[in-house]
Every structure is written in structure tokens, then in C-alpha cells.
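*Asks:* Once you've had a glance at the structure underneath, I'll fire off some questions.
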């Protein structure tokens, strides 16, 4: 089978450090493991997308277009329709809502009619959460074409590592075996990272021997240095996935500080990468996050509300004090994260596309 994997998001480029690029590469690899011939196309505009797809078609017939949803990116849908081949639209977020809320976009300037045609014409709309599926339905996707699957993880790469204790001693040479709260990725406004830092500061004042280990790009240092002694945090600039797995394995927990007003529609790669490494996640009781951690069986769920501002701090302190519980939750977290692989998702996509007429 010849698959054209199309990306028309200008912010996602091959071998980029960001999570979206990791996701793209993972799906391409998964399709290839299943024997497909995959050509990855990254285009900056409609004209470029059309030219590049025509060039691929000139080399061999295309059986399937698998596209990562981007705003006002319609050429994949049009090209698939012209060839009468399946078009899979992978939807990771309600991009129109994000554009309006976080980037100040004018809703009236967005191509709602074009979006609707793309969603209506898709053979399959692959969504990372039920909330994203609801968004797809409002954009015209037929419920019969929607498949909800959370993001997967490479559990062979992200795994517990025997050398993690020694690494923590190197990263925090002035501390005696601290409990390490980790976070990784590019910081975004909706992450609420300052809440995690404040919770760690509160836990430290309460006597918890902890440190923060952060990997990625963003204002990590600015947040950390205002609240924690220098000996109790380490910020590592972004690195490739192989290096990242080593850092993540050094976390004891990964904590999320989303605001209670945030719609937690996403399926964070960082969450399952940490879980696969037996890192215990601490998540607020919002959106799909409790389900991702088995409603407490594979992580800690806390109440993120203005009425209880210390809930995250108490969750961190409790986990730090109870090693047996931490070990048990860590093993359950890895088991939960490992249940779905990128290859399983890719196989399901192909099976549905083969069975469903265009």
C-alpha cells in the first residue's frame, strides 16, 4: 500500500524537536512496520502541497492520504477526492478554538465552509479524545467516520532505567536522594507550569526533600529561579527522543497544573512517555486526564480548584513520603501506557480504510 502522509502545518517540520513532529514520525514509522510504502509530505501552502502530491503520484499510485489536521489546509481532502482514494484526517486539537483563544484569531476570518467540507469528506477522522471528537462533529464529521484513540508511546524507548538513581545524584549533587518532580516539552500558556512550581515550593517549605527536573524550551528558568533554591532545580535544553528518554526516566513523578477553566481535550505525549518509564503522573480531575491514569489506579488525581489551592502540593508530598505506593503506581502506569502502540493505531486505520468504501 502506498500512503502519502501529509502535513500542512507550518510549525511542524521533519526532525523538529516539538511533540507534533515526534507524533508524525511515529505514525510514519508505524505504517512502514506494517509493510506500507510511506512518503511524508510537508507543505507550507496549498500550491506547494498540490505540487508535492502530484510529484508523489507521478512516481506511483497513491492508495491513501493520511493527513494531520491543520487550519485552512484543504488540499489533501481535495486531492484524495479527485483520486477517489481514502482520506484520513488525524485531529489532535480543536484548532479553531485554540486560534481564537490563544492567538487572537477572528472567528469570522476562518474558513468554516472549507473546514466542514474536509471533515465531511474524510473517510476516517482519527481523534485523540472524546472532546476532540465532539469538535470534529461540530465541524461536519459523520459520527460513523470518527475513531477515538489516545496518543500512543514507544514503550521500548521510554522505560525505567537502572542508572536513574546515579543520574539523579549527578544532576543534584548537593542533595541527598531528592524526590524528583519532572516536566518536559515546550512550555505553553495552558500548561500552568507556574502552579507546579508553586506546589513544589510549598511542599519544600513543608519539609519534603524534592527537586525539579525540566527538559525543553520555554521560560522554565524564569519560573524555577523565582520559587526554588538553585540547588533544587535543573533545566536541560531540548534534546532528541533517545536522550529525552534518559531524562524522563529520572523523574519520580510528572505533575500537571492546568487551570480549572482549561478544557483538557488533549492527549499529552509527555504524559504517556513518563508513564511508560514508570513515572507516576499527578493530574487534575479535568477532561480526559483522570481516565488516562485509570482514575487513580495508575497515577494520582487531585482536585484543581480555587477552593483548594494546596491540593497539588499535598499530592506531591504524599507521593514523596510513600515509596511503596509510588512503586506500585509506577508499574501500573507503565502497564497502562503500554497497552496501545503507534503500530496498533496504524493497523486499525488501515483495517477500517480497507473495509470502508470511498
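Bear in mind these aren't lab numbers, they're just calculated from the coordinates by the rules spelled out. Treat the numbers as computed from the prediction; the structure is a model and nothing was measured. Don't worry about glycine lacking a Cβ; one is built from the backbone with ideal geometry, like all the others, and counts go over all protein chains shown.
*Asks:* So for the stretch 76-207, what are the equivalent ellipsoid semi-axes in whole Å, largest first, each being the square root of 5 times an eigenvalue of the Cα gyration tensor? Could the numbers behind the result be given before it?
*Replies:* Values: eigenvalues 362, 85, 28 Å².
They are 43, 21, 12 Å, listed from largest to smallest.
*Asks:* Still on this structure: Which shape class applies to the stretch 142-193: rounded if a/c is under 1.5, otherwise prolate when a/b exceeds b/c and oblate if not, where a ≥ b ≥ c are the square roots of the Cα gyration tensor eigenvalues?
*Replies:* Values: a/c = 4.70, a/b = 2.02, b/c = 2.32.
Judged from the Cα gyration tensor, the stretch 142-193 comes out oblate (a/c at least 1.5, b/c at or above a/b).
*Asks:* In addition: Please compute, for the alpha-carbon atoms of the chain, the extent along each of the three principal axes and give them in descending order in Å.
*Replies:* Here the Cα extents, ordered largest to smallest, are 65, 43, 32 Å.
*Asks:* Please give the per residue volume of the convex hull enclosing the alpha carbon atoms of the stretch 95-153, rounded to a whole number of Å³.
*Replies:* Working: hull volume 5.1 nm³, N = 59.
Given the Cα convex hull of the stretch 95-153, per-residue volume reads 87 Å³.
*Asks:* Once the mean 1/r over all distinct Cα pairs of the stretch 185-243 is inverted, what Kirkwood radius in angstroms do you read off?
*Replies:* For the stretch 185-243, the Kirkwood estimate is 12.0 Å.
*Asks:* Step by step: find N for the stretch 10-84, compute 2.2 N^0.38 Å, then divide the Cα radius of gyration by it. What's the final number? It would help to have the intermediate numbers written out before the result.
*Replies:* Working: Rg = 12.5 Å, N = 75, 2.2 N^0.38 = 11.3 Å.
For the stretch 10-84, the normalised Cα radius of gyration is 1.10.
*Asks:* What fraction of the DSSP beta bridges in the chain is antiparallel, stated in percent and rounded to the nearest 5?
*Replies:* Numbers: 1 of 41 bridges.
Antiparallel bridges make up about 0 percent of those DSSP assigns within the chain.
*Asks:* Given an 8 Å cut-off on Cα distances and at least 6 residues of separation, report the relative contact order of the stretch 130-275 as a percent.
*Replies:* 35 percent
*Asks:* A follow-up question, please. Starting from a Cα-only point model with no solvent, please compute log10 I(q)/I(0) by Debye for the stretch 164-337 at q = 0.11, 0.12 1/Å.
*Replies:* Taken in order of the listed q values, log10 I(q)/I(0) reads -0.39, -0.47.
*Asks:* Here's something else I'd like to know. By per-residue mean of other Cβ atoms within 10 Å, what is the highest-first order of 72-80, 39-47, 4-12? Mind showing how you got there, number by number?
*Replies:* Working: 72-80: 22.4, 39-47: 15.9, 4-12: 20.6.
So the peptides 72-80, 39-47, 4-12, ranked by packing, come out 72-80, 4-12, 39-47.
*Asks:* Additional query: Which FRET efficiency value, to the nearest 0.05, is calculated for residue 259 and residue 238 with the Förster distance at 25 angstrom and r the Cβ-Cβ distance? The partial results should precede the final answer.
*Replies:* On the way: r = 25 Å, r/R0 = 0.98.
Using R0 = 25 Å, I get an efficiency of 0.55.
*Asks:* When DSSP assigns beta bridges and you keep just the ones with both residues in the stretch 164-337, what percent turn out antiparallel, to the nearest 5? Please report the intermediate quantities before stating the final value.
*Replies:* Details: 1 of 19 bridges.
So the antiparallel bridges in the stretch 164-337 amount to around 5 percent.
*Asks:* Mind giving me the nanometre distance, one decimal, between the label points for residue 231 and residue 318, set 7 Å out from Cα along Cα→Cβ?
*Replies:* Going from the residue 231 label point to the residue 318 one covers 3.0 nm.
*Asks:* What value in Å³ per residue do you get for the convex hull of the alpha-carbon atoms in the stretch 269-358? Present the calculation step by step, with values, prior to reporting the outcome.
*Replies:* Working: hull volume 9.9 nm³, N = 90.
Spread over its residues, the Cα hull of the stretch 269-358 gives 110 Å³ apiece.
*Asks:* Taking every alpha carbon pair in the stretch 9-135, what does the distance histogram look like in 10 angstrom bins from 0, in percent?
*Replies:* Result returned by the calculation: 11, 42, 38, 8, 0.
*Asks:* Also, I was wondering about something else. Before anything else, pin down the relative contact order of the chain: Cα pairs under 8 Å, at least 6 apart, normalised by residue count, whole percent. Each step should come with its number before you reach the end.
*Replies:* On the way: 654 pairs, mean separation 57.1, N = 358.
Once normalised by length, the contact order is 16 percent.
*Asks:* Under the classification rounded if a/c is under 1.5, otherwise prolate if a/b is larger than b/c and oblate if not, where does the stretch 146-267 fall, given a ≥ b ≥ c as square roots of the Cα gyration tensor eigenvalues? Numbers along the way, then the final one.
*Replies:* Details: a/c = 1.88, a/b = 1.19, b/c = 1.59.
Judged from the Cα gyration tensor, the stretch 146-267 comes out oblate (a/c at least 1.5, b/c at or above a/b).
*Asks:* Arrange the peptides 282-291, 137-146 so that the one whose residues have, on average, the most other Cβ atoms within 10 Å appears first.
*Replies:* Numbers: 282-291: 20.5, 137-146: 16.0.
With the highest mean Cβ count within 10 Å placed first, the list reads 282-291, 137-146.
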